[in-house]
Amino acid sequence: MVKSMTGYGRCEETVDGRRITVELKSVNHKYFEFSPRVTRGYGFLEDKLKNYVQSRVARGKIDLFLSIETLEDADVIVSVNHSLAAGYIAALREITERYKLPDTVTVNSLSRYSDIFSVHKAPEDEEAIWTAVRAVTEKAVDAFIAMRETEGRRLYEDVMSRAKVILALVDKIEARSPETVREYRERLEAKLREVLNDTTIDEQRILTEAAIFADKVAVAEETVRLRSHFEQLQAMLEAEVPSGRKMDFLVQEMNRETNTIGSKASDAQIAYMVVDIKAEIEKIREQIQNIE
């Protein structure tokens, strides 16, 4: 079923001592565009997130926000700069010897020199982190797609209701078209009688002129193609694969056929119906811009 390109999804869970929050939102876009924002230090997840989301979403400008908060104390590594420590010890002993001071160099005294030590987090298991993040991301994307599907059903109903209106107008045009030929023949005959002052009228000439007129104003080919386009549109709306861009092209073809009907018609009633059809097609085009 058709999906909208507008959507939102969010999931927050605690996994392996980390609070992971994934949030997605999207708006219309001609192609797939992905903009991630992740917690500092987890940039290695950006490509993985993009590939995963793209495997499930075809089109739209998607913003993804990933927050990872460590709840438990992380393993840390304390390193000693031994060359710097040796330098401090040598300097302190030099002072004790030169100034005849008691030698009180101890670990406690060295601990005051913080630059001897460096503290950093132990390396994290990137694959384990991705496994946890992917599980949360999957649920957020599920909610995101569910919202797109709900909006898609609304778009489907709106487009099909407008298609029904258009096809009803096409029925009226097809019924009206032969009437325009009959009316033209009656006007032509009346005009000839007026000009010829009721003398004998060449019926064959009238038939020939009416036939030429009928050929000029015939719209059967255009109405048949227009119906075919709407059948294709419905099939695309009900297809499992994204077809938004194909539908956009199809709507252009609908407009082209409608314009041709309008240019051929020399009848006010048909002209008014053509205007109504074009207005409904434009509304369909606007809705299709929202479809994946």
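The values are calculated or read from the model by the stated rules, or taken from the named source; none is laboratory data. None of these values were measured; they are calculated from a predicted model. Positions of Cβ are backbone-derived with ideal geometry, glycine not excepted, and every protein chain shown enters the neighbour counts.
Observations, loosely collected:
- Residue within segment 255-272 that is within 27 Å of the chain's Cα centre (by Cα) and either at pLDDT 90 or above or under 16 Å from R176 (Cα atoms) (or both) present: yes
- With respect to the conditions (1) more than 14 Å from the chain's Cα centre (by Cα); (2) exposed (fewer than 15 other Cβ atoms within 10 Å of the Cβ), I20 falls short on a single one, namely (2).
- From the options V76, V80, residue that is modelled with pLDDT of 85 or more, over 30 Å from S35 (Cα atoms) and not polar (S, T, N, Q): V80
- Residue match in segment 29-50 (condition: touching a Leu at 6+ places or on another chain (Cβ under 6 Å) and small (G, A, S)): no
- When residues of segment 103-130 are limited to those that are more than 30 Å from E13 (Cβ to Cβ) and among the β-branched types (V, I, T), the one farthest from the chain's Cα centre (by Cα): T104
- Count of segment 225-279 residues which are over 30 Å from A58 (Cα atoms), outside any helix (DSSP H, G or I) and of a type in the set (S, T, Y): 1
- In the set (1) at pLDDT 90 or above; (2) acidic (D, E); (3) not assigned by TED's automatic domain parsing to the domain that holds P36, the condition left unmet by D142 is number (3).
- Residue within segment 138-147 that is acidic (D, E), within 20 Å of the chain's Cα centre (by Cα), part of a helix (DSSP H, G or I) and surrounded by fewer than 15 Cβ atoms within 10 Å (Cβ to Cβ) present: yes
- Of F65, F44, F32, all but one fail to be over 20 Å from I129 (Cβ atoms) and in the same structural domain as A132 (by TED's automatic domain parsing); the exception is F32.
- Residue in segment 91-102 that is farther than 30 Å from K3 by Cα, loosely packed, with under 12 Cβ neighbours inside 10 Å, under 60 Å from the mean Cα position of the chain (by Cα) and among the hydrophobic types (A, V, I, L, M, F, W, C) present: no
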